[in-house]
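Peer 1: Okay, handing you the structure first.
Read-outs: derived from the displayed coordinates by stated rules, not from any lab. Quick caveat, the model's predicted, so the values are computed rather than measured. We place every Cβ from the backbone using ideal geometry, glycine too, and count neighbours over all the protein chains shown.
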């Protein structure tokens, strides 16, 4: 099922058992922020990005290394080098996604990021080292920025796809098919939002963090909250602005976000995450957040 019909999606999704696959990844990879700086093309539709003077490449590199160290305590976490001329390549989850035995390569909207999809080292790692089959969406015309645009419930095989300049309906269809999902709900992000994963996160298949201000239709917010009730955590605009929606679970018992995001969580939000069985893990990433993304954007999952 690929639909904009919220009621039909909710009815179908409620019938899906958590037997689609593992709820969290078995490993992850990052891309180092080599050449880190303001990507002017990306800035045209990413309102979270700082001005040039807000970028500190040295501090970003130090924080990125700290992120790898932290995540490595939970699951194997690899790091590929950055590439020249790709200042925001440290967000590989927009370009690469995996299913069991398969690599999907997305199609980025902006040319400055399209070159990332051509990387022979990352493609070769999955093809030659892991034996993954490759599904290449990068050469077709429809933007489909993978887990930037698509929040996935891996346990039940459900997709929640926010449409914007970074993903159109055809791009959503291509991702839905490439990832083999059971059902995907398409909906419009609020004006000014560029990626779903800034305003929505599914945590280990049993909870969701939702930023209502980032989704155009309140009925979509209500449906997602109903699907994950009683563990739907609705964030304020202030929490969203601190990237608290840009979170990820890499195990059944914790949710990762930036230190800034964790500090911005309201007591009720933190209590709701605790009630869902998640400890909040924060990592300093303020220098990286100047590029308009946060912790979840940095992490490409390996299933």
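Peer 1: At R0 = 25 Å, how high is the FRET efficiency between residue 279 and residue 130 if r is their beta carbon distance? Nearest 0.05 is fine.
Peer 2: 0.25
Peer 1: Pop a pseudo-label 7 angstrom from the Cα along the beta-carbon direction at both residue 259 and residue 59 and give the gap in nm to one decimal.
Peer 2: For the pair residue 259/residue 59, the computed spacing is 1.1 nm.
Peer 1: Where a ≥ b ≥ c are the square roots of the eigenvalues of the C-alpha gyration tensor, would you call the range 145-208 rounded, which needs a/c under 1.5, or, failing that, prolate if a/b is larger than b/c, or oblate?
Peer 2: Oblate shape, in that a/c is at least 1.5 and b/c is the bigger or equal ratio.
Peer 1: With each run of n ≥ 4 DSSP H residues scored as -39500 (n - 2.57), what mean residue ellipticity at 222 nm is computed for the chain after dividing by its residue count and rounding to the nearest 500 deg cm²/dmol?
Peer 2: Per the formula, -7500 deg cm²/dmol.
Peer 1: Could you line up 134, 193 from fewest to most neighbouring Cβ atoms inside 10 Å?
Peer 2: Exposure proxy ranking, most exposed first: 134, 193.
Peer 1: Another one. Let me check against my output: what whole-number percent is the relative contact order of the range 155-262, with C-alpha pairs under 8 Å and at least 6 apart?
Peer 2: 22
Peer 1: Which order do peptides 253-263, 272-282, 51-61 fall in by mean Cβ count within 10 Å, highest first?
Peer 2: Packing order, densest peptide first, comes out as 253-263, 272-282, 51-61.
Peer 1: Continuing with this model, one more query. Count the DSSP beta bridges whose two residues both fall in the range 2-302, then state the antiparallel fraction as a percent rounded to the nearest 5.
Peer 2: Given both bridge residues lie in the range 2-302, the antiparallel proportion sits at roughly 45 percent.
Peer 1: Residue 270 to residue 238: FRET efficiency via 1/(1 + (r/R0)^6), r the Cβ-Cβ distance, R0 22 Å, to the nearest 0.05?
Peer 2: Result of the calculation: an efficiency of 0.95.
Peer 1: Related question: Before anything else, pin down the relative contact order of the range 134-183: Cα pairs under 8 Å, at least 6 apart, normalised by residue count, whole percent.
Peer 2: In percent, rounded to a whole number, it is 40.
Peer 1: Same structure again: For the pair residue 4 and residue 19, how long in nm is the line joining their label points, each one 7 Å along Cα→Cβ?
Peer 2: It is 3.4 nm.
Peer 1: Scan [x] 64, 46, 31; [y] 47, 41, 36; [z] 49, 43, 42 for the value of Cα extents along the principal axes in Å calculated from this model and give just the label.
Peer 2: Here the calculated entry is [y].
Peer 1: At 0.36 nm per residue, minus the direct Cα-Cα distance, what do residue 75 and residue 121 gain on full extension? Give it in nm, one decimal, please.
Peer 2: 14.4 nm
Peer 1: What percent does the relative contact order of the chain come to when contacts are Cα pairs within less than 8 Å and at least six residues apart?
Peer 2: 24
Peer 1: Using only the Cα atoms of the range 8-98, build the gyration tensor, take square roots of its eigenvalues as a ≥ b ≥ c, and label the shape rounded, prolate or oblate: rounded if a/c is under 1.5, else prolate if a/b is larger than b/c, else oblate.
Peer 2: Oblate, because a/c is 1.5 or more while a/b does not exceed b/c.
Peer 1: Right, another one. Tell me, how many Å apart are the Cα centres for the range 138-173 and for the range 1-47?
Peer 2: 7
Peer 1: Let me ask something else about it. Tally the DSSP beta bridges in the range 87-140 and give the antiparallel ones as a percent, rounded to 5.
Peer 2: So the antiparallel bridges in the range 87-140 amount to around 50 percent.
Peer 1: Rounded, prolate or oblate, given the Cα gyration tensor of the range 200-293, with a/c below 1.5 counting as rounded?
Peer 2: Judged from the Cα gyration tensor, the range 200-293 comes out oblate (a/c at least 1.5, b/c at or above a/b).
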